[in-house]
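The values are calculated or read from the model by the stated rules, or taken from the named source; none is laboratory data. Treat the numbers as computed from the prediction; the structure is a model and nothing was measured. So basically every Cβ, Gly included, is an ideal-geometry build from the backbone, and we count neighbours across all protein chains shown. Remember, those area values only see protein heavy atoms, side chains included, never the ligands or the DNA or RNA. Shrake-Rupley method; radii C 1.70, N 1.55, O 1.52, S 1.80 Å.
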Protein chains: 2
Amino acid sequence: MTATTTKNTTAQFLTAEQLLNHWQGHRNLTRRIIEAFPEKELFEFSVAAMRPFAKMAVELISMGGPGLKGIVDQQTEAYSEEAFNPKTKEELLKKWDEETETINHYFIQISEEHFQENFNLFGQYEFPVYQNILYFVDNEIHHRGQGYVYLRALGIDPPFFWERF
Amino acid sequence: MTATTTKNTTAQFLTAEQLLNHWQGHRNLTRRIIEAFPEKELFEFSVAAMRPFAKMAVELISMGGPGLKGIVDQQTEAYSEEAFNPKTKEELLKKWDEETETINHYFIQISEEHFQENFNLFGQYEFPVYQNILYFVDNEIHHRGQGYVYLRALGIDPPFFWERF
């Protein structure tokens with residue numbers, strides 16, 4: 001020991017499994033936010049002329065699973081929300097649950113070295129893989145926070161932010 | 001190689017330094033959201049009877065730096081927002097920048113083993129340290145997403161979510 005503080009620069013912050021559990025916990029909370037919206041308001045209501053929450057959920061569905069598949073298969077297909085156009089909450093939730101499995105399936109195939117390699121996500125975003133994945137999680141928290149405002153504006157108490165499962 | 005997919009369970013997802021940079025990138029974006037509010041609206045405006053964004057920023061300031069200090073010093077003092085009661089945007093931003101240094105100072109002292117140890121954050125939230133820290137980041141993204149709605153409702157275009165520095 002010297003008087004100098006040892007920096008933790010290269011210390012592991014968390015494992016792949018811990019990040020996956022963390023992400024799926026967030027996804028479970030987002031699922032409950034989708035459920036909390038009345039059917040009509042999910043697809044039509046918004047604040048400040050922003051997108052309704054169903055549109056945001058379709059963005060999240062179009063990003064996480066397809067993004068991970070691209071990372072694992074080394075394919076840089078463009079991002080698209082056009083493949084999925086749900087008309088009901090049930091349809092949206094069914095797809096959400098399918099993507100839970102898709103994410104689990106692809107995520108566990110990414111190695112420690114791969115997380116650090118650059119990948120051109122959707123042929124457009126050139127970053128290390130761990131940053132691509134953090135973007136999926138952060139973008140979900142960001143839009144879900146907006147969904148919380150929509151629910152409050154509808155007079156609905158949203159689930160607690162810290163309850164994940 | 002066998003036909004079974006190798007799971008990445010214990011693989012490192014990212015290092016401590018990468019997480020710190022990621023967090024400080026988010027904090028820089030939040031700083032720009034604070035700046036984007038007009039002085040009066042920062043302290044008074046909200047949507048759906050929620051808190052104005054200045055109150056949310058005080059929550060973030062009261063959590064990150066003090067929480068890390070508690071983790072490093074093994075102190076479980078209760079969470080409090082009462083120590084800081086800014087009246088101007090300038091005062092809020094000055095404290096924000098001070099906390100940037102506080103976070104850097106304490107974060108680098110947390111070892112790989114320590115990230116995995118349980119800590120009773122603010123004497124109330126008993127979780128592994130890495131989860132306590134992810135909570136600071138996630139909670140910031142969550143409330144900042146709400147700040148984006150406030151800005152949109154004020155007719156102000158917020159900074160891009162993906163621009164961090």
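Do the sum for chain B: with -39,500 (n - 2.57) for every DSSP H run of n ≥ 4, divided by all residues, what is the mean residue ellipticity at 222 nm, to the nearest 500 deg cm²/dmol?
Working: 6 runs with 97 residues, N = 165.
Here the helix-only value at 222 nm equals -19500 deg cm²/dmol.
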Completion exercise
Of the candidates B:A36, B:Q12, B:I71, the farthest towards the positive dipole end of the stretch B:1-94 (Lys/Arg Cβ +1, Asp/Glu Cβ -1, centred on the Cα centre) is B:Q12
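Can you run the Rg to Rh ratio on the stretch B:72-165? Use alpha carbon positions and the Kirkwood inverse-distance Rh.
On the way: Rg = 16.1 Å, Rh = 15.8 Å.
Using Cα coordinates only, the ratio equals 1.02.
Residues of the protein assembly as shown: accessible area per residue at 1.4 Å, in Å²? Don't jump to the answer; show the numbers that get you there.
On the way: 15560 Å² over 330 residues.
Per-residue value: 47 Å².
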Completion exercise
Check: C-alpha center the stretch B:99-156 vs C-alpha center the stretch B:33-68, spacing in Å is 15 Å
Exercise for the section: Provide, in order from the shortest bin, the percent of all Cα-Cα pairs of the stretch A:10-137 in each 10 Å bin, continuing until the bin that contains the maximum pair distance. Expected result: 12, 41, 32, 13, 2
Practice task
Scan around A:F119 for amide H atoms under 5 Å from its own, H built in the peptide plane at 1.01 Å from N, and keep only partners 5 or more places away or cross-chain.
Solution key: A:F127, A:V129
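Using a 1.4 angstrom probe on heavy atoms only, work out the carbon and sulfur share of the accessible area of chain B in %. Before the final figure, lay out the partial values.
Details: 3880 of 7770 Å².
Exposed carbon and sulfur together represent 50 percent of the surface.
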Exercise for the section: Take chain B, connect every pair of alpha-carbon atoms lying under 10 Å apart with a spring to form a Gaussian network, then pick out the residue of B:Q75, B:Q12, B:Q116 with the largest mean-square fluctuation. Expected result: B:Q12
Exercise for the section: Once the label point is placed 7 Å from Cα along Cβ, list for B:D157 the distances to the corresponding points in the other copies, in nm, shortest first. Expected result: 4.0
Completion exercise
All alpha-carbon distances of the stretch A:1-85, grouped into 5 Å bins from 0, give the whole-percent distribution 3, 11, 14, 16, 15, 12, 9, 7, 5, 4, 3, 2, 0
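Past the 24 Å Cα-Cα mark, which pairs from A:K7/B:K7; A:K69/B:K7; A:K55/A:K95; B:K55/B:K95; A:K94/B:K7? If you can, show how the numbers build up before the last one.
Working: A:K7/B:K7 30 Å; A:K69/B:K7 16 Å; A:K55/A:K95 13 Å; B:K55/B:K95 13 Å; A:K94/B:K7 26 Å.
Long pairs (Cα-Cα over 24 Å): A:K7/B:K7; A:K94/B:K7.
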Exercise for the section: Give the span of the protein assembly as shown's Cα atoms along each principal axis, as three whole-Å numbers ordered largest to smallest. Expected result: 51, 51, 34
Problem - Nearest-to-axis residue of chain A, judged by beta-carbon position, where the axis maps A onto B, in Å - result: A:G145, 1
Practice task
Along Cα-to-Cβ, 7 Å out, sits the label point; list in nm, shortest first, how far the one on B:D73 is from those in the other copies.
Solution key: 5.3
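Averaged over A:146-155, how many beta carbons belonging to a partner chain fall within 10 Å of each residue's beta carbon?
Working: counts 7, 3, 7, 12, 3, 1, 7, 6, 1, 2.
That average works out to 5.
For the interface of A with B, what's the total buried accessible surface in square angstrom, probe 1.4 angstrom, rounded to the nearest hundred?
Numbers: alone 9970 and 9960 Å², together 15560 Å².
Chain pair A/B: roughly 4400 Å² of buried accessible area.
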Problem - Cβ-vector label at 7 Å, A:E101, separations to other copies in nm - result: 5.4
